[in-house]
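Asks: Starting off with a structure, shown below.
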Amino acid sequence: MNETTSARAHAADAAALTARLLNGDRAALARVVTRLERDAQAAREFDALLAPHGGRAYTVGITGAPGAGKSTLVGGLLSTALAQNQRVAVLALDPVSPLTHGAILGDRLRMEAAAADDRVFVRSMSADAHGGGLSVITPLAIRALDAAGWPWIVVETVGVGQTELDIVEAAATTVVVLNPGWGDEVQSVKAGLMEVADIFVINKCDRDGAAQTRGDLERLIGQSKPARWTPLIIDTIANQGRGIAELWQAIGTHRRFQESSNLLLERRKRFLVLALRGLAQQAVNQRMERFSASPEFAAMLGRLASGDESLHEAAAQLLAQALKD
Ligand SMILES: Nc1nc2c(ncn2[C@@H]2O[C@H](COP(=O)(O)OP(=O)(O)OP(=O)(O)O)[C@@H](O)[C@H]2O)c(=O)[nH]1
Ligand SMILES: [Mg+2]
């Protein structure tokens, strides 16, 4: 096969896979997500193929510190949703930090019971050297799940305020999971959470300090600038299934509020802005990387070192090179 025929076969394959995905074929959906993860060129193809589809799914972001109980909560939410005959897809993001490595297996186990049901689709995803960063592939994966007809998409991710994963903060509903004792966090972290959280969950309420954490949160919410939505606070003991029904209900309440205001549209725009910036930033980074290996770059470094050029001048050149076709 010459190169053109091979490229054509490849495109036909992507189109066929997309058609199956749109038809609700789970295996096709799983394969598309894998391709998005592993192959930047495929990501570009599927992006174009999937773009006209979807726009119906409701996304819920679940974020919080490592070990806060996010996966256990999601497992509980899946059971609750199933009891109401709702179909839910879960995307568990792994930022591939040494801290969180190994979490995926735990997640699988924790969600296994529900994941055996065909009204549930659970998928873990990590950044890969060959594909894009998570900020690039997450929006595409969400779009794939949406196009495949999943009405609820729950995205679990570690940490809050990490730029790479701020896409989760643009979910239609964002749930921030805390634990008792959270009062020790620094003020800037607290302020950041106030900006993103629609719902706070105080999980591990079987431990001391839950009431104090709730008091802290209520005070912080009271001090925040008035908004149309006041974040809800839900107490849970996820590993005992306590508070899960209340959390699912709170998500529903926030969803109705979002849908009855223009805020849902604003959130969707924010999501698109973040997705766009993630993609553009990745492209600029890759091109800067490439330029760094060139003789022109070495010469520029020389001029910088000898003081013949200022950092600002050099940075402007670097940017110009990165933006060049
Ligand atoms: N005591 C107590 N333990 C809990 C509670 N909820 C979850 N756990 C336990 O906390 C540990 C971490 O739970 P996970 O659900 O994996 O937490 P996570 O936030 O998904 O963790 P990462 O994905 O690794 O960041 C597990 O051992 C859970 O069984 C709770 O309400 N109380
Ligand atoms: Mg987890």
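A short reminder: the numbers here are calculations on the coordinates, not readings from a lab. Predicted model only: the values in this text are computed from it and were never measured. Glycine also receives a Cβ, built like all others from the backbone with ideal geometry; neighbour counts cover every protein chain displayed.
Asks: Could you work out the percent of alpha carbon pairs in the range 279-323 separated by over 18 Å, rounded to a whole number? Intermediate results must be reported in sequence, preceding the final value.
Replies: Numbers: 261 of 990 pairs.
So the pairs more than 18 Å apart make up 26 percent of the total in the range 279-323.
Asks: Then there's this: Where the only charges are on Cβ atoms (+1 Lys, Arg; -1 Asp, Glu), what is the dipole of the chain about its Cα centre, to the nearest 20 debye?
Replies: Details: 34 positive and 36 negative charges, 174 e Å.
So the magnitude is around 840 debye.
Asks: Roughly what % of DSSP beta bridges within the chain run antiparallel, to the nearest 5?
Replies: Details: 1 of 33 bridges.
Roughly 5 percent of the beta bridges in the chain run antiparallel, per DSSP.
Asks: If you don't mind, there's one more thing I want to ask. Students often check this: by mean Cβ neighbours within 10 Å, which of 143-153, 309-319 ranks highest, and how do the rest follow?
Replies: Details: 143-153: 22.4, 309-319: 12.7.
The peptides rank, most packed first, as 143-153, 309-319.
Asks: Which ³J(HN,Hα) values, rounded to whole Hz and listed in residue order, are derived for the range 253-261 from phi using the Karplus coefficients 6.51, -1.76 and 1.60 in 6.51 cos²θ - 1.76 cosθ + 1.60 with θ = phi - 60°, glycine and proline given as x?
Replies: Calculated HN-Hα couplings, in order: 4, 5, 4, 4, 4, 4, 6, 8, 10 Hz.
Asks: Still on this model: Apply the Karplus curve 6.51 cos²θ - 1.76 cosθ + 1.60, θ = phi - 60°, to the phi angles in the range 267-277 and return the couplings in whole Hz, x for Gly and Pro.
Replies: After applying 6.51 cos²θ - 1.76 cosθ + 1.60, I find 4, 4, 5, 4, 4, 5, 4, 5, 4, 5, 5 Hz.
Asks: Please determine, in degrees from 0 to 90 and to the nearest 10, the orientation of helix 210-223 with respect to the longest principal axis defined by the Cα atoms of the chain, where the helix direction is its Cα long axis.
Replies: 60
Asks: Name the shape class, rounded, prolate or oblate, that the alpha-carbon gyration tensor gives for the chain, where a ≥ b ≥ c are the square roots of its eigenvalues, rounded holds for a/c under 1.5, and otherwise prolate holds if a/b is larger than b/c and oblate otherwise. Could the numbers behind the result be given before it?
Replies: Working: a/c = 2.08, a/b = 1.29, b/c = 1.62.
Note, shape of the chain comes out oblate.
Asks: What nm distance separates the two modelled labels at ALA12 and ALA305, each placed 7 Å from Cα along Cα→Cβ?
Replies: 5.5
Asks: Considering amide H positions built from the backbone, and no H for Pro or chain starts, which residues 5 or more places from ILE62, or on another chain, come under 5 Å of its amide H?
Replies: So ILE62 has HN proximity to VAL155, GLU156, THR157, VAL175.
Asks: Please tell me the relative contact order of the chain in percent, rounded to the nearest whole number, where contacts are Cα pairs under 8 Å and at least six residues apart. Mind showing how you got there, number by number?
Replies: Working: 466 pairs, mean separation 61.9, N = 325.
Result for the chain is 19 percent.
Asks: Which order do peptides 60-72, 77-89 fall in by mean Cβ count within 10 Å, highest first?
Replies: Working: 60-72: 22.7, 77-89: 17.4.
The packing order, highest mean first, is 60-72, 77-89.
Asks: Per residue of the range 296-309, what does 6.51 cos²θ - 1.76 cosθ + 1.60 with θ = phi - 60° give for ³J(HN,Hα)? Whole Hz please, x for Gly and Pro, Karplus curve as stated.
Replies: Each residue of the range 296-309 in turn: 4, 5, 4, 5, 4, 4, x, 5, 5, 5, 7, x, 7, 9 Hz.
Asks: Now, a different point. Taking amide H atoms as placed 1.01 Å from N in the peptide plane, list the residues 5 or more away in sequence, or in a different chain, whose amide H sits under 5 Å from that of PHE121.
Replies: Correct list: VAL88, ALA89, VAL90.
Asks: With a Förster radius of 35 Å, plug the Cβ-Cβ distance of ALA316 and ALA245 into 1/(1 + (r/R0)^6) and report the FRET value to the nearest 0.05.
Replies: Numbers: r = 57 Å, r/R0 = 1.62.
Calculated transfer efficiency: 0.05.
Asks: Relative to the present Cα-Cα distance, how much length would full extension add between GLN282 and ARG38 at 0.36 nm per residue of separation?
Replies: Full extension of this stretch gives 86.3 nm more.
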